[in-house]
Amino acid sequence: MTHPRGSASKTAALSAALSGAVDLSALKARAEAPQKQPPAPPRPADGAAPAAGGAVIDVTEATFQTEVVERSLQQLVVVDLWAEWCGPCKQLSPVLERLAAESGGAWVLAKVDVDANPRIAQLFGAQSIPTVIAIGGGQPVDAFSGALPEPEIRKWLSSLLDALRDRLPGIKAAEQNGGGVEVPEDPRFTEAEEAFERGDFAAAQAAYERILDVEPANEEAKTALAQVKFTARAEAAGPDAIAKADADPADLDAQLAAADLEVAGQQPEAGFARLIAVVRRTAGDDRNKVREHLVALFELFDSADERVMKARRDLASALY
C-alpha cells in the first residue's frame, strides 16, 4: 500500500504519461489565452447543494480527451479509478460524489470504470484501486491511492483548489457563487492524518483509537483505523514476503505478511485462500490468530463483496 498523497516523482510520471497519450499542443495554447467560457452556474437560492449530475461524470476512453483534459483547463478534474468488485471503492466514491456536488462547480469528479476502460488505468500507471488523480490545466497535479477518511480528502481538495485558483477560472467563479470545500477543524483527525502522512503509523493508530474511545460509533475513525493498521502491516511485509511464505508454510508470521501483500496487490482471493489454508492446518492460539487477521482483512472490503462472502463461507467450513 502506497503513501496516500502523490509524490513529486509520481506526479511527474503521470504528467509524462498523459502528455504521451493525448494531444496537449492545442490545449496549451488555449490555456494561455484569455478564457471566455461562462462561469459555473450559481448554487440554488435555498443553499442546497446542486444535483450531482453536472458535478459527477462517467468517462470512457473515447471521452477522456474532452471530458478530462479539455475540461481541466477551466476546472479542477478529479479522476476516480474504480471497479464494481472493489470494496474500498464503494467507500470512497460516494464521498467524492457528495463533495463534488457541494463544490458548486469548483471541480468535477470524472469516474472511470477500469474494467471497461483499462487503457486509462494503464495511462496513469495505477498499481491499485481506488486511485484518485487530480488534473489541472491539462496535466496531473497530485494523486492518492486507497479509501482515505473524508476529513483528509477535504484537506487534499482544499489544498489543490488553493494552489490552482489563479490558473483555473472555474474555481474562482464557483467560490464567488458560494461553492468550494470547507476544511473541517477537528484537531483529533488532524493529529491522526499528520501522523499517517509522515509515516508514523503507531501514532496515527493511537490517535484514531482515542477518537473511538470517546465515540465508539465514529465510522470515519473506524475506517481510517483499519486502513492505518493494514497499511502499516503491508509496508512492513517487504516485497519478498510471498516468496518467504511459500518457502516455509509452517512460518505463521510469514503467511500473515504474505496475505497482506497479496491483498495490497489487488489479489485478495489469493490472500484469503492462503490464510484459510493455514486455519485448516492449525489449532488453538495459532488458529485464532490467523482467523482474527483474516477477519481484519475482510473489513477492508464491502461486506457484500462476493470474494469476501465466499471467503467467509470457506472460513466457516475450515473452522467447523
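State the dimensionless ratio Rg/Rh of the range 100-247 (Rg: radius of gyration of Cα atoms; Rh: Kirkwood radius).
Value, to two decimals: 1.02.
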Calculated FRET efficiency for the pair Arg119/Ala247, C-beta based, R₀ 30 Å, to 0.05: 0.20
Distance between modelled label sites at Asp213 and Glu197, nm, 7 Å Cα→Cβ extension: 2.5
Gain on full stretching of the segment that runs from Gln266 to Asp286 - 0.36 nm per residue minus C-alpha separation: 4.6 nm
Total formal charge among the other residues, if their Cβ is under 9 angstrom from that of Pro151, Lys/Arg +1 and Asp/Glu -1: -3
15 Å beta-carbon shell around Ala247, net charge (K/R +1, D/E -1): -3
The range 62-139: GluC sites (Glu not before Pro) falling in loop per DSSP and having at most 15 other Cβ within 10 Å: Glu84
Anisotropy class of the range 235-309 from Cα gyration tensor, a/c 1.5 cut: oblate
Rel. contact order, % - alpha carbon contacts under 8 angstrom, at least six apart, the range 166-285: 13
Derived scalar couplings ³J(HN,Hα) [the range 189-201; Karplus, 6.51 cos²θ - 1.76 cosθ + 1.60; whole Hz; x for Gly, Pro]: 5, 4, 4, 5, 5, 5, 5, 4, 5, 8, x, 8, 5
Value of Rg to Rh for the range 183-320 (Rh from inverse mean 1/r over Cα pairs, i.e. Kirkwood): 1.01
Pairs from Lys172/Lys229; Lys229/Lys289; Lys155/Lys229; Lys289/Lys310 whose Cα-Cα separation, in the structure shown, is over 27 Å: Lys172/Lys229
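Kindly state, to the nearest 0.05, the FRET efficiency for Arg165 paired with Glu61, given R0 = 25 Å and r defined as their beta-carbon distance.
According to the calculation, E is roughly 0.25.
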Derived scalar couplings ³J(HN,Hα) [the range 308-317; Karplus, 6.51 cos²θ - 1.76 cosθ + 1.60; whole Hz; x for Gly, Pro]: 5, 4, 5, 5, 5, 5, 5, 5, 4, 5
Relative packing of peptides 155-168, 107-120 - highest average C-beta neighbours within 10 Å first: 107-120, 155-168
Phi to ³J(HN,Hα) by Karplus 6.51 cos²θ - 1.76 cosθ + 1.60 over the range 257-274, Hz, x for Gly, Pro: 5, 5, 4, 4, 5, 5, 5, 4, x, 6, 10, x, 4, 5, x, 4, 4, 4
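The numbers here are math on the coordinates, done by the rules we state, and not lab data. None of these values were measured; they are calculated from a predicted model. Glycine gets a Cβ as well: all are built from the backbone with ideal geometry, and neighbour counts include every protein chain shown.
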